[in-house]
Amino acid sequence: MEQMIDIFTDRQFIIGVLAAVGAAAAVFSVLAPMFATDPMRNRVKRVAEYKENLRIKSREALTQKQKSQGVRFSQAGGFGREIVEQLKLLELFDAESAAKKLAMAGSRGERPVFTFMLARLITPIVACIGMGVYVYVFNGFELGSFGRLMATAGALVAGFYLPNIYVSNMITKRQQKLKLHFPDAMDLLLICVEAGMSIEAALQKVSEEMGVNCPELAEEMALTTAELSYLADRKDAYVNLAERTGLDGVKAVTTALIQSETYGTPLGASLRVMAAENRELRMQEAEKKAAALPPKLTVPMILFFLPVLFVVILGPAMLRVFGMAE
């Protein structure tokens, strides 16, 4: 044991370990960009796949009646699909509502729905087993029998709601990004429409321009362009955009677009008003955050800044007083 301690405390050994770590970090920093993936390429690929699926569906609609909308199982396979189907989790956990939430979080298709349903089944079991092992085997928290039972039951309940909390968190973060960049997209869309572009070409152009700053918004615009090209009713494309984003500003814009196509109202004038309103909403959101900042800083200032100020101001005086007393 002493020999091991001597080895680990040896100066040459520590220098060698630090040198190895530094060399590994240098090699990683050089090689990491070579293996980095382009997220925009994956998003463009998903949009292309979504557009191809819409084309296939439109061709099927010409030969047979429109099937009732619902979650299809053809594109999701494997052992997880069998478990979900046998236990009828889609009916139990409301697959349609889950699909809409996942679409708002940026995950579309059948596979994310099946993964979410499987997570809602497995997560409570894993959380319950993990808490039970911790409190019963390792005597965690030093609880009594009733406390251990309640901790295990609480872990089971928390595990049941954990997937929903995770998806809600993803939706909130995505909506914040969309809300931040949507006024800029509206300005670009207004410029394109007033320049004489059609709404499909304008949306496609905005999608290309917004791809760098906000890939999420660019993806939504590209999906709307694809739906306008292949859906039987153009109104559905705008409604789907509003449902996928879940933002009031986007819903107002889609309503204006629907009214413009239905009643022939000037699209440029409607977009100009909507762009101004979205810029005003973004400014109000920034002002709200700025107004909430002073109350939030009060407690940190009392706990961290004031003691430091007292030490800096009163410290020299106290040292002089103690020095004179001695």
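The values are calculated or read from the model by the stated rules, or taken from the named source; none is laboratory data. Small disclaimer: the values here were computed from a predicted structure and weren't measured. For neighbour counting, all protein chains shown are included, and Cβ atoms are generated from backbone atoms with ideal geometry for every residue, glycine included. Calculation scope for accessible area: heavy atoms of the full protein, side chains included, ligands and nucleic acids excluded. Shrake-Rupley method; radii C 1.70, N 1.55, O 1.52, S 1.80 Å.
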Restricting segment 100-109 to residues that are in a helix (DSSP H, G or I) and open to solvent by less than 30 Å² (accessible area, probe 1.4 Å), which is nearest to residue 50 (Cα to Cα)?
103
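Is at least one residue of segment 211-222 under 16 Å from residue 270 (Cα atoms) and touching a helix residue (DSSP H, G or I) at 6+ places or on another chain (Cβ under 9 Å)?
no
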So, residue 185, is that one at negative phi, modelled with pLDDT of 90 or more and open to solvent by less than 20 Å² (accessible area, probe 1.4 Å) or not?
yes
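One line per residue, one yes/no per condition, for (1) under 33 Å from the mean Cα position of the chain (by Cα); (2) surrounded by 10 or more Cβ atoms within 10 Å (Cβ to Cβ); (3) over 24 Å from residue 243 (Cβ atoms):
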position	(1), (2), (3)
257	yes, yes, no
264	no, no, yes
273	yes, yes, no
276	yes, yes, yes
287	yes, yes, yes
309	no, yes, yes
312	no, no, yes
321	no, yes, yes
How about segment 128-175: which of its residues are open to solvent by 60 Å² or more (accessible area, probe 1.4 Å), part of a helix (DSSP H, G or I) and over 26 Å from residue 117 (Cα atoms)?
134, 136, 137, 141, 142, 145, 146, 149
From the list 118, 89, which one is at pLDDT below 85, crowded, with 18+ Cβ neighbours inside 10 Å and in contact with a Leu (Cβ under 8 Å, 6 or more places away or on another chain)?
89
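Conditions (1) assigned to a helix (DSSP H, G or I); (2) free of Cβ contacts under 8 Å to residues at least 60 places away in the same chain; (3) within 21 Å of residue 47 (Cα to Cα), marked per residue:
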{"position": "177", "(1), (2), (3)": "yes, yes, yes"}
{"position": "180", "(1), (2), (3)": "yes, no, no"}
{"position": "193", "(1), (2), (3)": "yes, no, no"}
{"position": "226", "(1), (2), (3)": "yes, no, yes"}
